Amino acid sequence: MLLLVCDRVIAAEPELSEADRNLGDGDHGLGMQRGMTAAKEKLTSAPQESVDKAFSAVGMAMMSSMGGASGAIFGTFFRNGGKALQGRGELDAQGLALFLQAGVDGVKSRGGAAVGDKTTVDAMEPAAVAAAEHSGGSLADAITAASKGAEGGKEATKAMVAKFGRAKTLGEGAIGFPDAGAISVTVIIDAMRDFVLDS
Amino acid sequence: MLLLVCDRVIAAEPELSEADRNLGDGDHGLGMQRGMTAAKEKLTSAPQESVDKAFSAVGMAMMSSMGGASGAIFGTFFRNGGKALQGRGELDAQGLALFLQAGVDGVKSRGGAAVGDKTTVDAMEPAAVAAAEHSGGSLADAITAASKGAEGGKEATKAMVAKFGRAKTLGEGAIGFPDAGAISVTVIIDAMRDFVLDS
Amino acid sequence: MSNSAKKIINDPLTCADELFEGLVLAYDGKARKVGKRSIVMNDLRPDAPALLIGGGAGHEPIYHGLVGKNMGDGAAVGDIFAAPPPDIVLEATQAVNRGKGVLYLYGNYAGDVMNFDIGAELAEEEGIEVRTVIINDDVASAPTSEKDKRRGVAGLVPIVKIAGAAAATVDTLDELVRITQKAVDHTRSVGVSTKPGSIPATGQPTFDLADDVIGLGMGIHGEKGIALIPMCTANELAPKMLDLIFGDDMELNAGDEIVLFVNSLGSTHMMELLILLKSAKPILEARGLKIHHTIVDSIVTCQEMAGVSISIMKLDDELKRLWDMPCESVGYTKL
Amino acid sequence: MSNSAKKIINDPLTCADELFEGLVLAYDGKARKVGKRSIVMNDLRPDAPALLIGGGAGHEPIYHGLVGKNMGDGAAVGDIFAAPPPDIVLEATQAVNRGKGVLYLYGNYAGDVMNFDIGAELAEEEGIEVRTVIINDDVASAPTSEKDKRRGVAGLVPIVKIAGAAAATVDTLDELVRITQKAVDHTRSVGVSTKPGSIPATGQPTFDLADDVIGLGMGIHGEKGIALIPMCTANELAPKMLDLIFGDDMELNAGDEIVLFVNSLGSTHMMELLILLKSAKPILEARGLKIHHTIVDSIVTCQEMAGVSISIMKLDDELKRLWDMPCESVGYTKL
Ligand SMILES: Nc1ncnc2c1ncn2[C@@H]1O[C@H](COP(=O)(O)OP(=O)(O)O)[C@@H](O)[C@H]1O
Ligand SMILES: Nc1ncnc2c1ncn2[C@@H]1O[C@H](COP(=O)(O)OP(=O)(O)O)[C@@H](O)[C@H]1O
Ligand SMILES: [Mg+2]
Ligand SMILES: [Mg+2]
Ligand SMILES: [Mg+2]
Ligand SMILES: [Mg+2]
């Protein structure tokens, strides 16, 4: 699953950079590409023993290869989310909900952003909420709901004025453009969904 | 006469700069414009007592306002040429010949260039020769001949490889373009001719 | 090689690592590479508090070029336009620490704050005391009431210079923090941009800007400033820029001594900096400000971006004494 | 205002005078304006031979920004891209002369040679002894057999630095000439250009260059060099440039100590200079050259032209001793 996530994010580089060019410094896709390339290397060179370790490993790889705002944000997301899976087996709907909630909690406490601030949090939080609502059902249902949640959150960022990151100084000028980090969240969760639905 | 020379050279700035852009650093017109503006100021603020002083004044003004290769070259041309007119009255055909010959001699000893080196000398020298040939006749005939000589010399620079100035490093690449300084010489002598023919 | 911007590079994706290798060479053996991508001075005063600076690459000579004698003890270097990751910060922290703790000094960008904070947590887990001073000199990036949101721009040069002089003389981390924070509090900047630079990896411009406008107060990555204004002369621009500084809360009274720094963001030529300096002179004189030292240089840059910034540091006796110390680094040297 | 190049200026025709006024300000009272457009240091060593440098404006910080402590005593400043006229040279000569004569040191361009020569004639009429050393470090501008036709380019920085150190220590003009000529003889440079700058007065590019080629050996005004070559990587470019230096007549043997100067012609970013330095390293190492000092900076420029140059000065004991002296100027400072 995580390898598909890596590949999808790597492939989305131009779209992510372009989105960051509208609001930030245009390098978001490059950072994500760097992080996911490092994560892929880590995952393939030494397969992780457990799900939580695999997610955490992605977080560690991203955090130490990317730098920038999104290195800290996505590194924290995967590391904190991964820790919440400790002691659990295969990823199920409940695990997904735990992962997303712990991940977004970590991001919020690291970066201080809340929903409405035009950041990754706007996509992460509704994804976590939707997964929690479906945590009693199948993983497929839960991840599909999470994907919809993230997508809705990303779309909502278009109307927002940014409160964090480089875009915050744009004020009203940021309106109309979706947040680059939020797009990355949808790419990640969509890849997870496609993996689950295809297998 | 000299005021018309000033005005014509000032007006030729774009053409002269463009010619220098092909072979040098593109500022020849600007320098000539600066020099002729200073000369005009000098001529109009305090009318010179005699022809030789007027020509020398133009030379002094050019030399100290322009700098660059052409400041030294044209400054020397007018100063040395002017000196040759010392003790003479109104400019006549013989005076013209003296002026041009002394001017080009000064330029040659200052800059070391000879005919064929793709410099101002290529236009000055044939002008001086033609004027000398007509120094027994009318000023109108002499200046017309000098103008033709300068024009022919300037045209000839097109086929030359430069041996002096910034264009010298162009080698064969300089072929096809006329020398900017030679064009200035034709502008100056043409203005003198037009003044003589019109009055 | 995607290189539409005609840059002299090898691989657009390895620029940060390669420029870093070059930077270490430029130090002629006075500094060394540490860990993944940190640079640290070789002869550090024993038993002294340390000054660690850092930030993203692509803005050279800052920050990593400000390591040197009476300047930064070391720098953690990120990728192009990206804050250094926490493990690089940690490696640099370990290398500069001499038992008296480490001051982190960097510009106020979300990425830098988060990564240095994580680095600080890791360092503290290893028993290294870390303190942080954040540079936020850009008056155009947030109102006076929200100073904590302001970006760090060219004022970092005099600030690092003062902090470096302090680090070379004081004995405690507390003292170093106090003086450095004072340097930040005494510094204001404002920038304008006239043309974008381009991102090495993509060849894309860092932002878009029409031919007849300039971005007043724009950040060095193209972050929005006060307004887009029509292109204007140096004489018109100087008061627009200085008034933004004078309008802020740092008192500048007749007789005050200042350091004045006119900076090119990259491809704006020094001719223009000097003309702008000339334009600024009567305005500074009218205020009665005494210029103790002038810097005209290109030190805080963003690739081949064009634009200028003006920074003013107000000196008191302590800052002046530290200012007058010599310093040496790849990016700024003073006798 | 014709300003298609978006320059921060006031009047395109007064740029030279205005930047000059700004330059004097940048010296913070250490140097002053003399005559029409010369800058001269205030505290000159009495009874010493003088070093006068100079050239056209628009290439800042050279030459006039290299006036300073252990650097030039003064500079005669021309208009944009134009050598200073003889009367400016004369005024500067009179101001720097302290009874021991004056050395003129400038780059080998027809305009500079003629105007400084006329200036020298005028000075000698006033009883001031003048000697001249001409900088011709650009190996790409003429073959070894025609060295007197070579242009002066970025090598002027280490050369002026040595001459300035010599002027601060020797007692006779002869000695100053001897050492300065040695510095010239020991220095070679080669440049490449990737993009033209633009002429302030017209907004026109200084030359034309296709998007996919670079000018190997091109002069700083766009004068032709060795060849137009396809745009290439730093690793490919470094040997092409260095081989031109190695192929000249200055012997560079294993163990020789050098000063290495990597210069940006204006808008080429320092990131690229550092990457090129990294690319040059193995080539210099393979020759066994020992780098005594590295400069990576933008000091010899042509407006916002893009491109780089590499200069090598070979040190002997005397040059090394002079090199190691500190110096201070707006354009180059060394501890
Ligand atoms: N405090 C924060 N909390 C959550 N996400 C953030 C925060 N700050 C920035 N981001 C996210 O980071 C993204 C930008 O990442 P990136 O371009 O890689 O970093 P940088 O701004 O350092 O260039 C933004 O689009 C935003 O979604
Ligand atoms: N040695 C010389 N003798 C005569 N004319 C010269 C000489 N060197 C240069 N010139 C003239 O000067 C012209 C260039 O003048 P200009 O552009 O003003 O000077 P610069 O080369 O300093 O920019 C050339 O076109 C050439 O005609
Ligand atoms: Mg970004
Ligand atoms: Mg010219
Ligand atoms: Mg970034
Ligand atoms: Mg010129």
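The set of residues in segment D:206-227 that are in a loop (DSSP other than H, G, I, E, B), of a type in the set (Val, Ile, Thr) and over 11 Å from D:ALA140 (Cα atoms) comprises D:THR206, D:ILE220. Condition test on D:GLY197, is it at positive phi and not acidic (Asp, Glu)? The answer is no for D:GLY197.
In this structure, B:GLY171 does not satisfy being more than 27 Å from D:ILE118 (Cβ to Cβ), in contact with a helix residue (DSSP H, G or I) (Cβ under 8 Å, 6 or more places away or on another chain), away from ligand 2 (no atom under 11 Å from the Cβ) and in a helix (DSSP H, G or I). Please work out if D:VAL77 is in contact (Cβ under 8 Å) with a residue 60 or more places away in the chain, in contact with a His (Cβ under 6 Å, 6 or more places away or on another chain) and assigned by TED's automatic domain parsing to the domain that holds D:VAL157. So D:VAL77 passes the test. Taking the options C:GLY74, C:GLY65, C:GLY78, C:GLY54, name whichever one is more than 7 Å from every other protein chain (Cβ to nearest Cβ), under 16 Å from the mean Cα position of the chain (by Cα) and within 16 Å of ligand 5 (Cβ to nearest atom). After applying the criteria, what remains is C:GLY54. Here C:GLU304, C:GLU285 are screened, and the one residue that is closer than 20 Å to C:LEU244 by Cβ and within 11 Å of chain D (Cβ to nearest Cβ) is C:GLU285. Scan segment A:1-11 and tell me whether some residue there is surrounded by 19 or more Cβ atoms within 10 Å (Cβ to Cβ) and not hydrophobic (A, V, I, L, M, F, W, C). Taking every residue of segment A:1-11 in turn, none turns out to be surrounded by 19 or more Cβ atoms within 10 Å (Cβ to Cβ) and not hydrophobic (A, V, I, L, M, F, W, C).
Suppose the filter is more than 16 Å from the chain's Cα centre (by Cα), away from ligand 2 (no atom under 16 Å from the Cβ), closer than 19 Å to A:VAL196 by Cα and at pLDDT 95 or above; does A:ALA127 pass it? So A:ALA127 does not fit the description; no. If you go through segment C:1-42 and keep only what is modelled with pLDDT under 95 and of a type in the set (D, E, K, R), you end up with just C:LYS6. Take segment A:131-144 and flag every residue that is surrounded by fewer than 24 Cβ atoms within 10 Å (Cβ to Cβ) and within 18 Å of A:ALA102 (Cβ to Cβ). Within segment A:131-144, A:ALA132, A:GLU133, A:HIS134, A:SER135, A:LEU139 meet the criteria.
To keep it simple, each residue is scored yes or no on (1) within 16 Å of ligand 5 (Cβ to nearest atom); (2) more than 14 Å from every other protein chain (Cβ to nearest Cβ).
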| residue | (1), (2) |
| --- | --- |
| A:GLU15 | no, no |
| A:THR37 | no, no |
| A:ASP52 | no, yes |
| A:GLY68 | yes, no |
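Does C:LEU19 meet the test of being over 25 Å from C:GLU121 (Cα atoms) and either within 13 Å of chain D (Cβ to nearest Cβ) or part of a loop (DSSP other than H, G, I, E, B) (or both)? Yes: the conditions hold for C:LEU19.
Listed conditions (1) in contact with a Cys (Cβ under 8 Å, 6 or more places away or on another chain); (2) closer than 30 Å to A:GLY136 by Cβ; (3) not aliphatic (A, V, I, L, M) are all met by A:LYS40, apart from (2).
Among the helices (runs of 4 or more DSSP H) confined to segment D:75-174, the ones with at least 1 residues that are within 27 Å of D:SER309 (Cα to Cα) are located at D:110-125, D:156-167.
The values are calculated or read from the model by the stated rules, or taken from the named source; none is laboratory data. Only a predicted model underlies this, so the values are computations on that prediction, with no experimental measurement involved. Heads up, the Cβs are rebuilt from the backbone with ideal geometry, glycines too, and the neighbour counts pull from every protein chain shown.
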